[in-house]
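A.B. asks: This is the structure I want to talk about, given as structure tokens.
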Amino acid sequence: MKIRIGQGIDFHRLENGLSLWLGGIRIPSAKGCVAHSDGDVLLHAICDALLGAAGLRDIGYYFPDSSDEFKNIDSKILLSRTVNLISEKGFSIINIDSTICLEKPRISSFIPEMKSAISGITGIEPDDVAIKATTTEKLGFAGREEGIMAIAVVLLSGK
Ligand SMILES: [Zn+2]
């Protein structure tokens, strides 16, 4: 069996009055992500990690932000299509580990719901989806609440 690792990282700007989508769910927040899609930074990082592990291109290659097809699109659809792309190459997911960097709001109480949303799309168990959250101790763009970042690592198995 072939084992492949992949990593992904994503950033979005935060602005007042927009919806905050994270890990496939909407989180109550004064600020949300500026994006062509729904701006789900965690799902985008996971998509890139999956694509990378399968030796494919990045999320912007398959789902360009210049295309009207993807305007305001639910990132759960992008993740689902990404899972199809890696399945077509004969890969299946072993586990996903990820970290979200943001100052506000506190998201730990939403993590079980995010895990279950990602588990539902990827077909792996919720226990095989890890989501951690951290602040940057008020440092940098995340600390100033100007933006949000997520990183993800995945392991795939193939034939
Ligand atoms: Zn993104």
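No lab work stands behind these numbers, since they all come straight from the coordinates. Predicted model, so just to flag it, every value in this text is computed and none were measured. In this analysis, Cβ positions are derived from the backbone assuming ideal geometry, glycine residues included, and neighbour counts consider all displayed protein chains.
A.B. asks: Under 14 Å Cα to Cα from Lys31, which aspartates and glutamates show up? Leave out anything in the same chain fewer than 8 places away.
C.D. replies: Hits, sequence-local ones excluded: Glu15, Asp40, Glu103, Glu145, Glu146.
A.B. asks: Using Cα atoms only, what is the angle between the long axis of helix 75-88 and the major principal axis of the chain, expressed in degrees (0 to 90) to the nearest 10?
C.D. replies: With rounding to tens, the tilt is 20 degrees.
A.B. asks: Would you mind checking which residues have amide H under 5 Å from Ala133's amide H? H placed 1.01 Å from N; only 5 or more apart, or other chain.
C.D. replies: The answer is Ile100.
A.B. asks: Points 7 angstrom from Cα along the Cβ direction at Ser19 and Tyr62: gap in nanometres?
C.D. replies: Taking the two extended label points, one gets 2.3 nm.
A.B. asks: Based on the mean of other beta carbon atoms within 10 Å per residue, what is the order of 91-102, 35-46, 68-79, most packed first? If you can, show how the numbers build up before the last one.
C.D. replies: Numbers: 91-102: 19.9, 35-46: 26.5, 68-79: 16.2.
Put in order of decreasing packing, that is 35-46, 91-102, 68-79.
A.B. asks: Cβ under 11 Å from Asn95's Cβ, Asn95 left aside: what net charge do those residues give with Lys, Arg +1 and Asp, Glu -1?
C.D. replies: Numbers: positive: none; negative: Asp97, Glu125, Asp127, Asp128.
Net local charge, Asn95 excluded: -4.
A.B. asks: So how far apart, in nm, are the two label points at Leu155 and Ile77 if each is 7 Å from Cα heading toward Cβ?
C.D. replies: My value for the distance between the label points is 3.4 nm.
A.B. asks: Dividing the Cα convex hull volume of the chain by residue count, how many Å³ per residue is that? Before the final figure, lay out each step's value.
C.D. replies: Values: hull volume 15.6 nm³, N = 159.
Per residue, the Cα convex hull of the chain comes to 98 Å³.
A.B. asks: Leaving out same-chain residues fewer than 8 places away, which aspartates and glutamates sit with a Cα under 13 Å from that of Lys159?
C.D. replies: Within reach: Glu88.
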